[in-house]
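**Student:** Here it is, the structure, as structure tokens.
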Amino acid sequence: MSLRVGVVVFPGSNCEQDMLEAMRLVGGEPELLWHGDATVNAVDAVIVPGGFAHGDYLRPGAIARFSPVMSAVAEFAAAGGPVVGICNGFQVLTEAGLLPGALQKNAGLKFVCAPAQLRVETTNSVLTRSADKGAVLNIPINHFEGNYTCDAETLAQLRDEDRVVLRYVVNPNGSVDDIAGVCNEGRNVVGLMPHPERSTSELLGSTDGLPLLRSLLSL
Amino acid sequence: MIFSVHVEVRLRPGIADPQGSTIERAMPTLGFSGVSGVRVGKSIRFEIDAADETAARSEAEDLCSRFLTNPVIEDAIVELEPAGVAS
């Protein structure tokens, strides 16, 4: 039986269709979850996809965290359910307090849309358990506010607890410690700026997103 | 009692402000050579109905820390006065 994956849609999300396609490709059974419904519909995993939820008004993710679905996502995460936030979804998860830190504007004030080399730093997370530690993945980034930051204490904790999931080989946006993705203490909530759903076919230039998406399905 | 509130949201010291530095770098081309320390923030205005100034300030500050700012990267200055006072 394939696992059901809920893909959250806010007004302004724009990566949900790509994610549905990508999840079908790796054998999942994806469905959309509307932000206004306070339920995750008993799915097996939740993805908060990229885009501009609520227009990114005030700050990216600042308003999305008040959407009714987010309390259901928080409950699901607290019960150990796998939750992955990609790009704007990562911003939403930090604003919602499900992941530490924040995403500030890229150093250099450039919107960066380019392939990025990412190193898998740990396989102890719901997004990397089927990947190889140390593997370098070619997955695109597409963001203006992807410059990960946190206080020194949080950074030390992330390092000590092996919670930096992915690092950029070449830092594209000023992120502290080259961080591209982190996980929570339970390792079931992961946020990352790069878009694995856009690296699922040679036609797109890379299939390196597949091991990450498969990880989510390998419960 | 109605209070007019003005919140200035600022990036915390030490948080990179690429927008501010880009503006600063553009200034000499316009002939403004002595300007430095440019920081870009947000200005938010609203009204609060509260029993007194202390209650209004406490509500505004709560609103700032829980919604209007992201405390990881931003802080806020709250100014308030009884509504209707010319400012």
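The values are calculated or read from the model by the stated rules, or taken from the named source; none is laboratory data. Note that this is a predicted model, so its numbers are computed, not measured. Don't worry about glycine lacking a Cβ; one is built from the backbone with ideal geometry, like all the others, and counts go over all protein chains shown. Please note that ligands, DNA and RNA were not included when accessible areas were found on the heavy atoms of the full protein model with its side chains. Shrake-Rupley method; radii C 1.70, N 1.55, O 1.52, S 1.80 Å.
**Student:** Would you confirm whether or not segment A:74-97 contains a residue that is open to solvent by 10 Å² or more (accessible area, probe 1.4 Å) and in a strand (DSSP E or B)?
**Tutor:** No: segment A:74-97 contains no residue that is open to solvent by 10 Å² or more (accessible area, probe 1.4 Å) and in a strand (DSSP E or B).
**Student:** Additional query: Can you find a residue in segment A:108-122 that is at pLDDT 95 or above, assigned to a loop (DSSP other than H, G, I, E, B) and polar (S, T, N, Q)? Before you say what the answer is, go through the steps one by one.
**Tutor:** Taking segment A:108-122 first, the residues at pLDDT 95 or above are A:112-122.
Still in the list and also assigned to a loop (DSSP other than H, G, I, E, B): A:121-122.
Retained after the next criterion (residues that are polar (S, T, N, Q)): A:122.
Yes, the conditions are met somewhere in segment A:108-122.
**Student:** Go through (1) within 13 Å of another protein chain (Cβ to nearest Cβ); (2) touching a helix residue (DSSP H, G or I) at 6+ places or on another chain (Cβ under 9 Å) and name the single condition A:ASN88 misses.
**Tutor:** (1)
**Student:** Shifting gears a bit: Hey, among the residues in segment A:55-64 that are surrounded by fewer than 22 Cβ atoms within 10 Å (Cβ to Cβ) and part of a helix (DSSP H, G or I), which one's nearest to the other protein chains (Cβ to nearest Cβ)?
**Tutor:** Result: A:ASP56.
**Student:** Name the pairs whose Cβ atoms lie under 9 Å apart, with the first residue in segment B:26-47 and more than 30 Å from B:SER4 (Cβ to Cβ), the second among the acidic types (Asp, Glu), and 6 or more positions between them or separate chains?
**Tutor:** B:VAL35/B:GLU24; B:SER36/B:GLU24
**Student:** Quickly run through segment A:101-121 and pick out the residues that are open to solvent by 30 Å² or more (accessible area, probe 1.4 Å), at the interface with chain B (Cβ under 9 Å from one of its Cβ atoms) and in contact (Cβ under 8 Å) with a residue 60 or more places away in the chain.
**Tutor:** Passing the criteria: A:ALA107, A:GLY108.
**Student:** Okay, moving on. Looking at segment B:11-57, which of its residues are in a strand (DSSP E or B), within 13 Å of chain A (Cβ to nearest Cβ) and open to solvent by 60 Å² or more (accessible area, probe 1.4 Å)?
**Tutor:** Across segment B:11-57, the qualifying residues are B:LYS42, B:SER43.
**Student:** Ok, one more. Could you name every one of the strands (runs of 3 or more DSSP E) located completely within segment A:124-177 that has at least 2 residues being closer than 18 Å to A:GLY85 by Cα, open to solvent by 40 Å² or more (accessible area, probe 1.4 Å) and modelled with pLDDT under 95?
**Tutor:** Working: elements: A:136-143, A:147-149, A:164-168.
It comes to none.
**Student:** I'd like to check something: does segment A:198-211 contain any residue that is on the phi > 0 side of the Ramachandran plot and free of Cβ contacts under 8 Å to residues at least 60 places away in the same chain?
**Tutor:** no
**Student:** If A:VAL190 satisfies every condition in (1) open to solvent by 10 Å² or more (accessible area, probe 1.4 Å); (2) assigned to a strand (DSSP E or B) but one, which is the exception?
**Tutor:** Among (1) open to solvent by 10 Å² or more (accessible area, probe 1.4 Å); (2) assigned to a strand (DSSP E or B), the lone unmet condition for A:VAL190 is (1).
**Student:** Moving on to the next point. Restricting to segment B:58-85, give me the number of residues that are open to solvent by less than 60 Å² (accessible area, probe 1.4 Å), of a type in the set (A, V, I, L, M) and part of a helix (DSSP H, G or I).
**Tutor:** Number satisfying all stated conditions: 2.
**Student:** What residue, among those in segment A:17-54 that are closer than 21 Å to A:GLU75 by Cβ and under 15 Å from the mean Cα position of the chain (by Cα), is surrounded by the most Cβ atoms within 10 Å (Cβ to Cβ)?
**Tutor:** Only one residue tops the list, namely A:VAL48.
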